[in-house]
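Participant: Structure provided below as structure tokens; questions to follow.
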Amino acid sequence: NASVSYSYSDEYESGIVMATKPGEGATVAKGDQIKLTVSHGKMFEVGDYTGMTVDAVTQALKDVNVEIKTVTEPRKDMAPGIVISQSGLNPGDKIVPNQRRELTLTVSSKMQLLIPDVTGKSVAAAKQELEALGIVTRTELLPQAGLSLAEIKELEYNVVKRTNPLAG
């Protein structure tokens, strides 16, 4: 008369008897209960997914029941779509493959800047302010064609009249 229980093991492949009770070499009477512990297979070891793409992480976790959530963090020092950090499951954690778990990945995204309004400032001051934010600047003389006489009279030399893209 045997009862069977299952347990995950890093030592035994799925289906292998890992332990018996009573143990090996014990004498039992006919009809005594024997308990077998059978391996359900190996645990899954969570990797370090930093530096990978979300698609690569999804592929690495395809055989385990891990739900991947993402949050984005604007970064100018790396390409968009790269894993910056992970939480919920840490590198080296061992998990039961079919037990539902959650992994949150912080993923790089493009920088989004709010362009300040520099109209009315000197060209030098505007360039300095924008370039301090990492914005590449280029200056052009404003063509007077299409401007009214009143607009032309309001123009000041070396003063920003407009920007492209617009502020905001």
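Participant: Quick check on segment 64-89: of everything there that is aliphatic (A, V, I, L, M) and out of contact with any Gly (no Cβ under 8 Å at 6 or more places or on another chain), which residue is least open to solvent (accessible area, probe 1.4 Å)? If you could, list the steps in order and put the result at the bottom.
Facilitator: Going residue by residue through segment 64-89, those that are aliphatic (A, V, I, L, M) are 64, 66, 68, 71, 78-79, 82-84, 89.
Of the ones still in play, those that are also out of contact with any Gly (no Cβ under 8 Å at 6 or more places or on another chain) are 64, 66, 68, 71, 78-79, 84, 89.
On the way: 64: 18, 66: 23, 68: 48, 71: 71, 78: 62, 79: 59, 84: 41, 89: 3 Å².
Among those residues, the one meeting the criterion is 89.
Participant: Here's another thing I want to ask about it. For residues in segment 125-157 being under 39 Å from the mean Cα position of the chain (by Cα) and part of a helix (DSSP H, G or I), which is surrounded by the fewest Cβ atoms within 10 Å (Cβ to Cβ)? Don't jump to the end; show me each part of the working.
Facilitator: Taking segment 125-157 and keeping what is under 39 Å from the mean Cα position of the chain (by Cα), we get 125-139.
Those left that are additionally part of a helix (DSSP H, G or I): 125-132.
Numbers: 125: 14, 126: 21, 127: 17, 128: 13, 129: 14, 130: 18, 131: 11, 132: 8.
In this case the residue turns out to be 132.
Participant: Filter segment 53-97 for residues that are part of a helix (DSSP H, G or I) and either in contact with a strand residue (DSSP E or B) (Cβ under 7 Å, 6 or more places away or on another chain) or among the basic types (Lys, Arg) (or both) and give the result.
Facilitator: To start, the set of residues in segment 53-97 that are part of a helix (DSSP H, G or I) comprises 54-60.
Hits for segment 53-97 are 54, 57, 58.
Participant: Quick check, is residue 55 exposed (fewer than 10 other Cβ atoms within 10 Å of the Cβ), of a type in the set (D, E, K, R) and within 22 Å of residue 109 (Cβ to Cβ)?
Facilitator: Details: exposed (fewer than 10 other Cβ atoms within 10 Å of the Cβ): yes; of a type in the set (D, E, K, R): yes; within 22 Å of residue 109 (Cβ to Cβ): yes.
Yes.
Participant: Would you please name the residue that is nearest to the chain's Cα centre (by Cα), looking only at residues in segment 64-97 that are basic (Lys, Arg) and closer than 30 Å to residue 40 by Cα?
Facilitator: Taking segment 64-97 and keeping what is basic (Lys, Arg), we get 69, 75-76, 94.
From what is left, the residues that are closer than 30 Å to residue 40 by Cα are 69, 94.
Working: 69: 8, 94: 20 Å.
Within segment 64-97, the match that is nearest to the chain's Cα centre (by Cα) is 69.
Participant: Also, I was wondering about something else. Filter segment 105-124 down to the residues that are among the hydrophobic types (A, V, I, L, M, F, W, C) and within 30 Å of residue 53 (Cα to Cα), then identify the one that is most open to solvent (accessible area, probe 1.4 Å). Please lay out each step first, then the result.
Facilitator: Start the filter on segment 105-124 by keeping residues that are among the hydrophobic types (A, V, I, L, M, F, W, C), which leaves 105, 107, 111, 113-115, 118, 123-124.
Narrowing the set further to residues that are within 30 Å of residue 53 (Cα to Cα) leaves 105, 107, 111, 113-115.
Values: 105: 0, 107: 11, 111: 87, 113: 84, 114: 131, 115: 39 Å².
Ranking the candidates gives 114 first.
Participant: Any chance segment 18-28 includes a residue that's free of Cβ contacts under 8 Å to residues at least 24 places away in the same chain and at positive phi? Working first, answer last.
Facilitator: Quick first cut of segment 18-28, residues free of Cβ contacts under 8 Å to residues at least 24 places away in the same chain only: 18-28.
Filter once more, keeping what is at positive phi: 25.
Yes, segment 18-28 contains at least one residue that is free of Cβ contacts under 8 Å to residues at least 24 places away in the same chain and at positive phi.
Participant: Moving to a separate point now. State which residue is nearest to residue 108 (Cα to Cα) when the search covers only segment 21-52 and only residues that are part of a strand (DSSP E or B) and open to solvent by 60 Å² or more (accessible area, probe 1.4 Å).
Facilitator: First, pick out the residues of segment 21-52 that are part of a strand (DSSP E or B): 21, 34-41, 44-45.
With the extra rule that they be open to solvent by 60 Å² or more (accessible area, probe 1.4 Å), the set shrinks to 21, 35, 40, 45.
Values: 21: 53, 35: 52, 40: 38, 45: 25 Å.
Within segment 21-52, the match that is nearest to residue 108 (Cα to Cα) is 45.
Participant: Restricting to segment 55-97, name every residue that is among the hydroxyl-bearing types (Ser, Thr, Tyr), without any contact (Cβ under 8 Å) to a residue 24 or more places away in the chain and farther than 30 Å from residue 13 by Cβ. Break it down stepwise before answering.
Facilitator: Kept after step one, since they are among the hydroxyl-bearing types (Ser, Thr, Tyr), are these residues of segment 55-97: 58, 70, 72, 85, 87.
Narrowing the set further to residues that are without any contact (Cβ under 8 Å) to a residue 24 or more places away in the chain leaves 58, 87.
Within segment 55-97, just 87 meets the criteria.
Participant: Same structure, new question: In this structure, does residue 102 turn out to be at pLDDT 90 or above, open to solvent by 70 Å² or more (accessible area, probe 1.4 Å) and either touching a Phe, Trp or Tyr at 6+ places or on another chain (Cβ under 9 Å) or within 25 Å of residue 75 (Cβ to Cβ) (or both)?
Facilitator: On the way: at pLDDT 90 or above: yes; open to solvent by 70 Å² or more (accessible area, probe 1.4 Å): yes; either touching a Phe, Trp or Tyr at 6+ places or on another chain (Cβ under 9 Å) or within 25 Å of residue 75 (Cβ to Cβ) (or both): yes.
Here the answer is yes, as residue 102 does meet what is asked.
The values are calculated or read from the model by the stated rules, or taken from the named source; none is laboratory data. These numbers were taken from a predicted model, which means no experiment stands behind them. Because the Cβ atoms are built from the backbone with ideal geometry, glycine has one as well, and the counts that use them run over all protein chains shown. Accessible surface is based on the protein model in full, side chains and every heavy atom, while ligands, DNA and RNA are left aside. Shrake-Rupley method; radii C 1.70, N 1.55, O 1.52, S 1.80 Å.
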